[in-house]
Amino acid sequence: MKISVIGTGYVGLVTGTCLAETGNEVLCIDIDKDKVKKMQDGVVPIYEPQLDVIFERNIKAGRLKFSTSLEEGIKHGEIIFLALPTPEDEDGSADLTYVLGAASDIGKLLTEYKVIVDKSTVPVGTANRVAETVAKETNVEFDVVSNPEFLREGFAVEDFLKPERIVIGSSSDKATELMERLYKPFVRSGNPIIIMDEKSAELTKYAANSFLATKITFMNEIANFCEKVGADVDMVRIGMGTDSRIGKRFLFPGIGYGGSCFPKDVKALHKSGKDNNYNFDILNAVIKVNDLQKRILLPRIDAFFKGDLKDKKIAIWGLAFKPETDDIREAPALYIIEDLLKSGANITTFDPEAMENVQRKFGDQISFEKDMYTAVENADALIICTEWSIFRTPDFSKLKSLMKEPVIFDGRNLYDVKDIKEEGFYYSSIGRQAVK
């Protein structure tokens with residue numbers, strides 16, 4: 001099939017590349033000329049495991065191409081995916097400027113039947129708005145489908161090629177048949193393609209992300225309470241997670257969730273509720289708790305240094321909001337860095353992939369080191385913000401010899417409390433008693 005993808009951000013690029021992998025002819029459109037040129041030259045503009053391999057393979061095979069011409073994209077694709085930004089507006093709602101702007105432009109260019117697919121995460125009713133916008137510009141037949149993505153950063157290629165389910169919101173038999181044919185190669189193992197109305201599909205994405213964010217936040221609340229009463233959150237997590245009604249996933253406490261999806265989607269659903277005279281009390285609490293959780297380590301750090309962080313050297317391991325990505329959107333590390341800078345601390349950092357993105361934000365206010373051990377040289381304390389695998393089994397003897405003081409504040413509970421005590425570190429983690 002011939003597919004066009006409008007927008008080559010995280011979702012658009014993964015979507016286009018993975019659709020090409022199953023033999024489709026994919027043309028990706030973006031207005032950024034420099035970015036398009038780099039992709040045409042085989043440069044992947046984002047870090048995502050496995051993406052570079054299939055990206056290169058499909059470019060070489062001629063199945064994956066890039067252009068800045070929207071007109072070319074509309075002519076090419078029988079199915080046109082909109083994978084455009086829906087940034088958070090000041091009031092928490094999703095800004096549909098890019099989506100509706102593209103819809104208007106598409107309407108002006110239509111000459112034959114097309115299926116227009118909302119791949120971006122959008123509020124309930126967006127498919128109707130896109131259809132109305134396109135219809136204002138053309139009399140040509142078209143259909144609008146809602147097809148939300150469920151991609152985990154760090155596992156996006158695997159999630160796309162082997163999805164747990166595919167959700168298609170469509171009221172058109174013709175569009176539904178085309179979408180089912182497109183996705184059939186991805187569900188050969190029997191995972192479902194779920195057909196529903198457009199509004200239900202739109203809400204499914206928001207509901208899923210908001211539920212997972214709630215699960216994370218609830219566990220963080222439990223962790224905070226564990227510290228008050230002397231319980232061990234790891235034991236509580238295991239006890240809860242073995243209940244099949246609850247499950248083991250998303251029960252790991254930490255310093256809050258970040259990224260491009262959970263923060264934005266929770267706020268957007270909360271705002272949609274308000275717009276429809278409904279108050280999501282649970283989501284209001286989730287937003288409030290997560291904002292506090294991102295800074296949960298800071299009072300402990302301040303107390304440890306008796307309120308004087310001026311000129312203290314603080315090392316930070318992990319800057320991305322999660323491992324296996326260079327995405328720093330809403331990353332807890334950024335909030336910690338901002339507050340430490342205000343306290344006069346000197347900060348050195350290391351992250352396997354995200355340092356370039358953080359450097360664009362902080363410039364020379366903080367230092368970026370070539371490896372994890374260089375970052376901790378003469379450090380008064382180490383803060384762990386992202387659970388990259390390379391941080392899980394460090395050489396503790398080397399770490400202790402390099403640091404000015406053996407002090408670790410662990411926002412991701414990477415180490416066993418008994419083990420770290422034997423290594424001679426002061427160790428503060430989430431939901432467990434500090435080791436001194």
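The values are calculated or read from the model by the stated rules, or taken from the named source; none is laboratory data. These numbers come from a predicted model, not from an experiment. Cβ placement follows ideal geometry from the backbone for every residue including glycine, while neighbour counts extend to all protein chains displayed. These area figures cover heavy atoms from the full protein model, side chains too; ligands, DNA and RNA do not enter into them. Shrake-Rupley method; radii C 1.70, N 1.55, O 1.52, S 1.80 Å.
What are the trypsin sites (Lys or Arg not before Pro) within the stretch 328-376 that DSSP puts in a loop, where the Cβ has at most 14 other Cβ atoms within 10 Å? Of the trypsin sites (Lys or Arg not before Pro), the ones in loops of the stretch 328-376 whose Cβ has at most 14 other Cβ atoms within 10 Å are 370. Take the alpha carbon atoms of the stretch 116-163, find their radius of gyration, then divide it by 2.2 N^0.38 Å using N residues; give the quotient. The stretch 116-163 yields a ratio of 1.46.
GNM on the chain, alpha-carbon springs under 10 angstrom: the most fluctuating residue among 90, 21, 149 is 90. Here the peptides 308-321, 417-430 are ranked by packing, the mean other Cβ count within 10 Å, and the order with the highest first is 308-321, 417-430.
Measure nothing fancy, just the Cα-based angle from helix 332-342's long axis to the longest principal axis of the chain, in degrees from 0 to 90, nearest 10. Tilt of helix 332-342: around 50 degrees. Residue 138 exposes around 20 Å² of accessible area when a 1.4 Å probe is run over every protein chain in place. Specify whether the C-alpha gyration tensor of the stretch 64-152 places it in the rounded, prolate or oblate class, a ≥ b ≥ c being the square roots of the eigenvalues: rounded for a/c under 1.5, otherwise prolate if a/b is larger than b/c and oblate if not. Here the stretch 64-152 falls in the prolate category. Label-to-label distance for residue 137 and residue 281 is 4.5 nm, based on points extended 7 Å past Cα in the beta-carbon direction.
Could you work out how far the C-alpha centroid of the stretch 80-150 sits from that of the stretch 242-269, in angstrom? After rounding, the separation between the Cα centres reads 28 Å.
Label positions at residue 60 and residue 75, each projected 7 Å from the Cα along the C-beta direction, are separated by 3.0 nm. Loop-located GluC sites (Glu not before Pro) in the stretch 156-229 (DSSP state other than H, G, I, E, B) with a sparse environment of at most 14 neighbouring Cβ atoms within 10 Å: 164. Here is the size of the stretch 347-400 from its Cα atoms: Rg then Dmax, 11.4, 34 Å.
Stretching the chain fully between residue 288 and residue 436 yields a gain of 50.2 nm (0.36 nm per residue, less the alpha carbon separation). Straight-line cross-link reach from residue 119 at under 13 Å between alpha-carbon atoms covers these aspartates and glutamates, not counting any fewer than eight positions away in the same chain: 149, 198, 202. Simple point charges give the picture: +1 on the Cβ of Lys and Arg, -1 on the Cβ of Asp and Glu, and for the stretch 54-199 a dipole about the Cα centre of about 800 debye. Charge dipole (Cα centre; +1 on Lys/Arg Cβ, -1 on Asp/Glu Cβ; no other charges) of the stretch 183-238 amounts to roughly 280 debye.
Computed on the chain, the Cα convex hull volume stands at 155 Å³ per residue. Using only the C-alpha atoms, the convex hull of the stretch 220-265 corresponds to 85 Å³ per residue. For the stretch 311-436, a simple Cβ point-charge model (Lys and Arg +1, Asp and Glu -1, everything else neutral) yields a dipole of about 380 debye relative to the Cα centre.
Here the spin labels are modelled as points 7 Å beyond Cα on the Cα-Cβ line, and at residue 152 and residue 225 they lie 2.6 nm apart. Just checking the listed ones, 350, 218, 305: in the Gaussian network model of the chain with Cα springs under 10 Å, the one fluctuating most is 305.
Could you list, in their original order, any pairs among 35/199; 313/361; 215/288 whose Cα atoms are separated by more than 25 Å?
Correct reply: 35/199.
To the nearest 10, the accessible area of residue 369 is 50 Å² with a 1.4 Å probe. So if R0 is 41 Å, what FRET efficiency would residue 40 and residue 370 give, r being the distance between their Cβ atoms, rounded to the nearest 0.05? Efficiency computed from Cβ-Cβ geometry: 0.85. Mean residue ellipticity, 222 nm, helices only, the chain: the sum of -39500 (n - 2.57) across DSSP H runs of n ≥ 4, divided by residue count and rounded to 500, is -13000 deg cm²/dmol. Highest mobility in the GNM of the chain, judged by mean-square fluctuation with C-alpha springs under 10 Å and restricted to 53, 145, 130, is found for 53. Across the cross-link table entries 37/60; 38/370; 370/418, which are compared at the Cα atoms, the separations over 23 Å belong to 38/370; 370/418.
Using just the C-alpha positions of the stretch 72-223 as equal point scatterers, what log10 of I(q)/I(0) does the Debye formula give at each q in 0.10, 0.15, 0.18 1/Å? Reported log10 I(q)/I(0), two decimals: -0.38, -0.83, -1.14. Potential lengthening of the chain between residue 300 and residue 208 amounts to 29.8 nm, from the contour at 0.36 nm per residue minus the alpha-carbon distance. Look at the Cα gyration tensor of the stretch 255-297: its axes a ≥ b ≥ c give a/c of at least 1.5 with a/b at or below b/c, and that counts as oblate.
Only lysines eight or more places from residue 306 in sequence, or on another chain, were considered; those with a Cα closer than 20 Å are 342, 404, 436.
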